[in-house]
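Participant: Take this structure, written in structure tokens, and hold onto it; I'll ask about it next.
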Amino acid sequence: ARTLNFRLAADELNVTQPSVSHSIKELERFHNVKLFVRQNRGVQLTEAGRTLYEGVRLAFDRIERDIRTIASGETHYITVAASTSLSAHWLVPQLHGFQQANPGIRIKVVTTDRDVEPDFDIDMTLWVRPRDFRRKNSWLVCDEIVFPICSPLYLGKAKPIASLSDLHDHPLLHSVDQHRKRIGREGWLSEVGAEAPGLVPSIVFSDYQLAVQAALAGEGIALGWGLTAQLLLKSHLLVRPVREEVVTGKAFFVITSEADEPSEGIRALVQWVVAQANR
């Protein structure tokens, strides 16, 4: 099913091609359902074949993970994948509280520039999806809220900002996310009903984390995400130069594997993430 080619499958399995073909025919006969459509250049999965493939793939992933766990004898970590900015400015600064309450649970944080599907390497991750998003083993964390941010040091020395039109007089920091679709400068201004012709960024970054760092360094004004900026605002390392904000209709979700029921440790971490965001 992965190769969509019986010859390639036979090579991987170190058996003959007729053996693979015969096994598939027996499987189809036994369940009285077609799993593959035979074509001149290979095969394609039927709907039944796709359904079975997904179940088998997830099951093999789970077996692989469990074998690695029992064979390695290594300490088990709950692995959390998140963006660099979310990890650096929200997750990591608070993890000591979770560890103090749950001393037996060990956590590994990995950063990623794209949404990843939990598998035997990743136990838990965070996605931004439409607020009505539903799937097994997903939990709503909080709404996606976006607003301008800058450092109080910058605001103290810059020209006054009484309205959005004053942004023309300030350097704007912009980030472009290649792998995650996010609201941009023009979309945000449109949502708040502001007309800002010619309002172009002074610096463009390929990573939102860099835009946050530039804002912290007092280099200008960036768009900030409520969850990521939460602790920086609370500690007064960042401020909001204008009151306008956009609730995008999307939300942050905690995601774990659809194939497995979360362990007690993963459930405890999920509940903690949701509770921290609600606070």
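Participant: Looking at (1) within 27 Å of Val273 (Cβ to Cβ); (2) open to solvent by less than 60 Å² (accessible area, probe 1.4 Å); (3) among the polar types (S, T, N, Q), find the lone condition where Gln100 falls short.
Facilitator: Unmet condition: (2).
Participant: Continuing with this model, one more query. If we only count helices (runs of 4 or more DSSP H) wholly inside the range 1-116, which ones have 2 or more residues that are under 25 Å from the mean Cα position of the chain (by Cα)? Quick ask: steps written out before the conclusion?
Facilitator: On the way: elements: 6-13, 17-31, 47-72, 92-101.
Hits in the range 1-116: 47-72, 92-101.
Participant: Something else now. In the range 81-118, what count of residues is obtained for those that are within 22 Å of Ala211 (Cβ to Cβ) and acidic (Asp, Glu)?
Facilitator: Summing the residues that are within 22 Å of Ala211 (Cβ to Cβ) and acidic (Asp, Glu) in the range 81-118 gives 2.
Participant: Go through the range 137-172 and give me each residue that's modelled with pLDDT of 90 or more, farther than 22 Å from Gln276 by Cα, out of contact with any Pro (no Cβ under 8 Å at 6 or more places or on another chain) and not hydrophobic (A, V, I, L, M, F, W, C).
Facilitator: Selection gives Ser151, Pro152, Tyr154.
Participant: Further question on the same structure: Of the conditions (1) open to solvent by less than 80 Å² (accessible area, probe 1.4 Å); (2) within 22 Å of Trp90 (Cα to Cα); (3) outside any helix (DSSP H, G or I), Leu231 fails just one. Which one is it?
Facilitator: Only one criterion is unmet by Leu231, namely (3).
Participant: Which one is surrounded by the most Cβ atoms within 10 Å (Cβ to Cβ) among residues in the range 264-279 that are within 29 Å of Arg65 (Cβ to Cβ) and of a type in the set (D, E, K, R)?
Facilitator: Arg267
Participant: Taking the criterion of being open to solvent by less than 30 Å² (accessible area, probe 1.4 Å), touching a residue at least 24 places away in the same chain (Cβ under 8 Å) and under 23 Å from Ala217 (Cα atoms), would at least one residue in the range 112-127 satisfy it? Write out each step before concluding.
Facilitator: At the first step, the residues of the range 112-127 found to be open to solvent by less than 30 Å² (accessible area, probe 1.4 Å) are 112, 118, 122-127.
Applying the additional criterion that residues be touching a residue at least 24 places away in the same chain (Cβ under 8 Å) yields 112, 118, 122-127.
Add one more test, that the residue is under 23 Å from Ala217 (Cα atoms), and what stays is none.
No: zero hits.
Participant: Is it true that some residue in the range 63-81 is in contact with a strand residue (DSSP E or B) (Cβ under 8 Å, 6 or more places away or on another chain), hydroxyl-bearing (Ser, Thr, Tyr) and open to solvent by 80 Å² or more (accessible area, probe 1.4 Å)?
Facilitator: Yes: one or more hits.
Participant: Take the range 151-187 and flag every residue that is touching a helix residue (DSSP H, G or I) at 6+ places or on another chain (Cβ under 7 Å), part of a loop (DSSP other than H, G, I, E, B) and under 17 Å from Ala211 (Cβ atoms).
Facilitator: Hits for the range 151-187 are Ser151, Asp177.
Participant: Restricting the range 193-214 to residues that are among the β-branched types (Val, Ile, Thr) and within 26 Å of the chain's Cα centre (by Cα), which is modelled with the highest pLDDT?
Facilitator: Selected residue: Val212.
Participant: Quick check on the range 238-263: of everything there that is among the basic types (Lys, Arg) and surrounded by fewer than 19 Cβ atoms within 10 Å (Cβ to Cβ), which residue is farthest from Trp127 (Cα to Cα)?
Facilitator: Residue satisfying both the conditions and the ranking: Arg243.
Rundown of residues vs (1) part of a loop (DSSP other than H, G, I, E, B); (2) within 30 Å of Leu155 (Cβ to Cβ); (3) modelled with pLDDT of 95 or more, yes/no style:
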residue	(1), (2), (3)
Gly224	no, yes, no
Leu227	no, yes, no
Leu237	yes, yes, yes
Glu258	yes, no, no
Glu261	yes, no, no
Gly265	no, no, no
Ala275	no, no, no
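Participant: For Ile266, state whether it is touching an Asp or Glu at 6+ places or on another chain (Cβ under 8 Å) and farther than 19 Å from Asp169 by Cα.
Facilitator: yes
Participant: Further, regarding this structure: Among the numbered conditions (1) touching a residue at least 12 places away in the same chain (Cβ under 8 Å); (2) out of contact with any Cys (no Cβ under 9 Å at 6 or more places or on another chain), tell me where Ala158 comes up short.
Facilitator: Failing condition for Ala158: (2).
Participant: Which one is farthest from Pro241 (Cα to Cα), of the residues in the range 151-204 that are among the charged types (D, E, K, R) and open to solvent by 80 Å² or more (accessible area, probe 1.4 Å)?
Facilitator: Just the residues of the range 151-204 that are among the charged types (D, E, K, R), to begin with: 157, 159, 166, 169, 177, 180-182, 185-186, 191, 195.
Still in the list and also open to solvent by 80 Å² or more (accessible area, probe 1.4 Å): 157, 159, 169, 181, 186, 191, 195.
Details: Lys157: 13, Lys159: 11, Asp169: 13, Lys181: 25, Glu186: 18, Glu191: 17, Glu195: 18 Å.
Here the residue is Lys181.
The values are calculated or read from the model by the stated rules, or taken from the named source; none is laboratory data. This is a predicted model, so every value here is computed, not measured. Note that each Cβ is placed from the backbone with ideal geometry, even for glycine, and that neighbours are counted across all protein chains shown. Note: accessible area is taken over every heavy atom of the protein model, side chains too, but ligands, DNA and RNA are not part of it. Shrake-Rupley method; radii C 1.70, N 1.55, O 1.52, S 1.80 Å.
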